[in-house]
Amino acid sequence: MDAYTCTECGRCTAECPANLTGKKLSPRKIMMDTRDRMEEIGKSRSDAKGHDQKFLLGGFISKEEINACTSCNACVEACPVLINPLDIILQLRRYEAMEASGSPASWNAMFQNVETNAAPWKFSPQDRFNWAEELKNDR
Ligand code: SF4
Ligand code: SF4
């Protein structure tokens, strides 16, 4: 319903830091692509053809677009009709990571660090304050 509510005003894209720095991502386009895909599914079902083997991710929205999102929430705050392009981006990215194992290799290393070290870095939690010990020793 969010996609049908979008007025296509573009305020979300005007505030998006990814878009402003030249990345391919436009939250306005995410909403419009979602609506286009919904309409396509509706038509194919009413024609009784079954699944048309097309997908929102890959067919309309690229991985490059969803991976450019910083999750900053600026698009959500800018929207005058209180709809949420970020929610669609996160759901697509979650699917790509958890179902398709399609995240970039550098992200997978970070995910593994979060799992084993409870932080994005490769250091063990016990070693996190070593830098402070080194400062003490320098005194
Ligand atoms: S949450 Fe993502 S899409 Fe929305 S403004 Fe931030 S970077 Fe752009
Ligand atoms: S700000 Fe809201 S209504 Fe305007 S284009 Fe973006 S999602 Fe659509």
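Every read-out reported here was derived from the displayed coordinates using simple, explicitly stated rules and does not represent laboratory data. The shown structure was predicted, so the numbers you read here are calculated from the model rather than taken from an experiment. Quick reminder, even Gly has a Cβ in these numbers, built from the backbone with ideal geometry, and neighbours come from all protein chains shown.
If I model a spin label at residue 53 and residue 90 as a point 7 Å from the Cα along the Cα→Cβ vector, what separation in nanometres do I get?
Each label point is offset 7 Å from its Cα along the Cβ direction, giving 3.5 nm.
If you take all C-alpha pairs in the chain, what percent of them are over 26 Å apart?
42
Please state the relative contact order of the chain as a whole percent: Cα pairs under 8 Å, 6+ residues apart?
Working: 118 pairs, mean separation 30.0, N = 139.
Result for the chain is 22 percent.
Could you pull out every one of the lysines with an alpha carbon less than 20 Å from that of residue 24, ignoring same-chain neighbours closer than 8 positions?
63
Lone cysteines in the chain, going by a 4.7 Å Cβ-Cβ cut-off?
Flagged as lacking a Cys partner: 6, 9, 16, 69, 72, 79.
For the pair residue 70 and residue 105, what calculated FRET efficiency results from E = 1/(1 + (r/R0)^6), where r is the Cβ-Cβ distance and R0 = 22 Å, to the nearest 0.05?
For residue 105 and residue 70, the calculated efficiency is 0.65.
Which of 54, 63, 29 moves the most in a Gaussian network model of the chain with Cα springs under 10 Å?
Largest GNM mean-square fluctuation: 54.
Pull up all non-local amide H partners of residue 102: gap of 5 or more, or a different chain, and H-to-H distance under 5 Å with H placed in the peptide plane.
97
Return the lysines within reach of residue 43: Cα separation strictly under 24 angstrom, same-chain partners fewer than 8 residues apart disregarded; answer none if there are no such residues.
The qualifying lysines are 29, 54.
Sorted by mean Cβ packing within 10 Å, highest first, what order do the peptides 91-102, 112-123, 8-19, 31-42 take?
Listed from highest to lowest mean packing, they are 8-19, 31-42, 91-102, 112-123.
What do you get for the angle between helix 85-98 and the principal long axis of the chain? Use alpha-carbon atoms, 0 to 90 degrees, nearest ten.
70
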